[in-house]
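Right, one structure below, let's go through it.
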Amino acid sequence: MLKKSFFLFGTTAMLVSCAGGGAEQLASPDGNVQLSFELSKDGTPTYSVKFDDEEIIKPSTLGFILKDAAPMTSGFKVEKITRESGDETWAPVWGENDSIRDHYNGMTVQLTQQAGDTLRKLDIQFRVYDDGAAFRYIFPDQETKTFVIADELSQMAMGGDYTAWWIPGDYDTQEYEYTKSKLSEISSYAEKGKIENVSQTGFSPTGVQTSLMLKTPSGKYVNLHEAALVDYPAMHLNLDESNLTFTSWLTPSPDGTKATIDVPFKTPWRVVMLGEKATDILATNIIYNLNEPNALEDTSWIHPTKYMGVWWEMITGKSQWSYTDAENFDLATFDYSKAKPHGKHGANTANVKRYIDFAADNGFDELLIEGWNVGWEDWFGKEKDYVFDFVTPYPDFDIKELNDYAHKKGIKLMMHHETSGSIPNYEKHMDKAYDLMNQYGYDAVKSGYVGSILPKGENHYSQSSVRHYLNAIKKAADKKIMVNAHEAVRPTGLARTYPNLVGNESAMGTEYRNMSAAHETILPFTRLKGGPMDFTPGIFRMDIGSFVPGSNEHKKATVANQLGLYMTMYSPLQMAADLPEHYAEKMDAFQFIKDVPVDWSETRYIDAEPGEFIIVARKDKKSPNWFAGGITNEQARDTELKLDFLQPGKKYMATIYADAPDADYLKNPEAYVITKKEVTSADTLPIHMAQGGGFAISFFEE
């Protein structure tokens, strides 16, 4: 349950009877963020946002286009304006800090619109924080009970030609590397028709996905995202380069409409995060604060988890998910007892025991096994209703023996459910699949949605799919199961409400071996603003061809960089992704992965710039120890790390894991040095990060 240390709340109301009655102002508690709302002469709702007197969002319009009904864009009248303020401190079940302050000023504008003989009601709720602003629409109970939304027309007119770190609009994936450009240059970078399923529905080549990171010419930092995405399609942003104005673009349903809502209904929040420094964006908690409090009465079974997995060997091609090379495969009729194994199946009992031994010996909590269940012979890229049943293991995977073996060694196995995008099939089998987990003591599942979403025509980010992802999380909570969803919709802070959602993918992670070193310095500013990512760091052998014959792939990182990711890529679910034999070669460096916590009481973002570098320090929730780390892009960096985050008057033994002087992410990626030094809060440590490198430090109080 949430632990509230204090709560202050107050409201005042003001009645306004007509349109065009002047602007209503709403300021943040410190006065630095100012939001203005008014109706234009034709009754169109508009708002704007200033930060330190700089216009970040110019006057922008709000409203909806409806199917087979008059638009909700103009002709509104203000009936009532209610003001409020909130100041609450709440304790997350897990997180970067053990408490979060939710401090804002708010305003709800109640509007009416006469559409023929029907009086329609629409409220717009605004909140302004010291580090941002947000709004959402509320459809109150009214004569019209169902609204079919053809388009949401929420504008964000940018105050200038900001620098942006963006990925292209796509209804099904965020697995792209980020492009850095001016807003006015997005169309010159985006290839029209590059994303087939998007271009076919008329989505502009200037469409981008949230969370969108921006920087103004004056040096301020801006981030656009959404919060509390529930029973509604995910929002993209479509840019009009002629006036640098974004308009919301919702992921469509198969019939081309965007959403069908029954009143009363609240849309997700549209959020503008603001900061004087880049680290302000990393540290803000607006997205979580805009979500509902924890809905689970008992959270004692939810625990941050450090795990290993039978996974990287399949990703790199060393082994396979499938058991046999069957042709004309049909799971309903195929007889595995008569099948000839191809000999490269990774999830076999003997191999899994080898992983269990290593994970248990080194203090890990769980072990993920992919490819344990029948059906992998014929699934990828297939639009099939029935692929996996999520309960039947391959002949060489003894589920009971392996769970007993793991439990005797003090760890658990982590379940894997690859749905292949067939949501109806997963929902049909979900109860039995979760019950199997309960039977064998699994308490966490990695779910996947690779492939075209079924029923045919649905998208990964549509209203129907978004509804499924949350239902799966709720059902898992009923069974006391934690969820790590891959290929699902990008998170929007729902882990506050359902803290059993301990991870998502929804971005390009470690499985993309050849992505740029800069990519990892952008993700904390973008994808991670909605919640933690299962990035799967910890690769120690960068030359894939050294253990997978014929591969020419190379992981663009150093060992110290991979250690630094455990600090910069926050998640309560952290994987040591490489193979046990590769860790056995570098047990001195592996010590940091063994030591680093996955739950924190305090986080200090020390310095950062998107696309360039991040440096952070965190305090362990369960001890007085601190940890620090950082990563850089393809540029080597030298910096001085002040240790003023340590407790004054205490001595700490610092173990520093750093790039060797000759380390380089391409030429010499596995060169590192480890040094130890007694330090206090008054000290400063010189830090060198190689090209594509990083560092990690543990500070153990003496």
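Things to note:
- Estimated FRET transfer efficiency (THR144, ASN514; beta-carbon r; R0 45 Å; 0.05): 0.30
- In the complete set of protein chains, residue-level accessible area for ARG83 is approximately 60 Å², probe 1.4 angstrom.
- Rounded to the nearest 20, the Cβ-based charge dipole of the chain about its Cα centre (Lys and Arg +1, Asp and Glu -1) stands at 700 debye.
- Of all accessible heavy-atom area on the chain, the percent that carbon and sulfur account for (1.4 Å): 48
- Between the residues THR521, SER465, ALA560, the greatest Cα displacement towards the positive end of the dipole of the range 452-582, with unit charges on the Cβ of Lys, Arg, Asp and Glu, is found for SER465.
- The solvent-accessible area of ASP361, taken with every protein chain present and a 1.4 Å probe, is close to 120 Å².
- Probe 1.4 Å, protein heavy atoms only - accessible area per residue of the range 552-702 in square angstrom: 36
- The chain: angle of helix 349-361 to the longest principal axis, Cα-based, in degrees nearest 10: 80
- Counting charges near GLY448 (Lys, Arg +1; Asp, Glu -1) among other residues having Cβ under 10 Å from its Cβ returns a value of -3.
- Helix 423-440 axis, angle to the chain major axis (alpha carbon atoms, nearest 10°): 50
- A 1.4 Å probe over all protein chains sorts GLU377, GLU370 by accessible area into GLU377, GLU370, starting with the largest.
- Size of electric dipole in the range 112-269: Cβ of Lys, Arg +1 and of Asp, Glu -1, about Cα centre, debye, nearest 20: 380
- The range 473-487-the range 209-249 distance, computed between alpha-carbon centres (Å): 29
- Accessible area in the full protein assembly, largest first, 1.4 Å probe, for GLU520, GLU79: GLU79, GLU520
- Cα centroid of the range 370-436 to Cα centroid of the range 605-660, whole Å: 40
- With the highest mean first, a sort of the peptides 248-256, 584-592 on other beta-carbon atoms found within 10 angstrom per residue produces 248-256, 584-592.
- Cα centroid separation, the range 519-536 to the range 268-341 (Å): 13
- Across q = 0.13, 0.20, 0.26 Å⁻¹, the range 539-600 modelled as identical point scatterers on its alpha-carbon atoms has Debye log10 I(q)/I(0) values of -0.37, -0.81, -1.18, in the order of the q list.
- Taking one quarter of the surface of the convex hull spanned by the alpha-carbon atoms of the chain gives a direction-averaged projected area of 30.7 nm².
- Global form of the range 197-284, assessed from the alpha-carbon gyration tensor, a/c cut-off 1.5: oblate
- Per-residue ³J(HN,Hα) for the range 56-67, Karplus 6.51 cos²θ - 1.76 cosθ + 1.60, θ = phi - 60°, Hz, x for Gly and Pro: 8, 10, 6, x, 10, 8, 10, x, 9, 9, 10, 7
- Site pair ASP607 and GLU678 shows an inter-label distance of 2.8 nm when each label is modelled 7 Å from Cα along Cα→Cβ.
- Charge dipole (the range 571-636, unit charges on Cβ, about Cα centre) - positive-most of GLY611, GLN635, SER601: SER601
- Binned Cα-Cα distance frequencies in the range 387-436 - 5 Å width, integer %: 4, 19, 25, 21, 16, 9, 4, 1
The values are calculated or read from the model by the stated rules, or taken from the named source; none is laboratory data. The structure presented is a predicted model; accordingly, all values stated were derived computationally and were not measured. Heads up, the Cβs are rebuilt from the backbone with ideal geometry, glycines too, and the neighbour counts pull from every protein chain shown. Heavy atoms of the whole protein, side chains included, go into the accessibility calculation; ligands, DNA and RNA do not. Shrake-Rupley method; radii C 1.70, N 1.55, O 1.52, S 1.80 Å.
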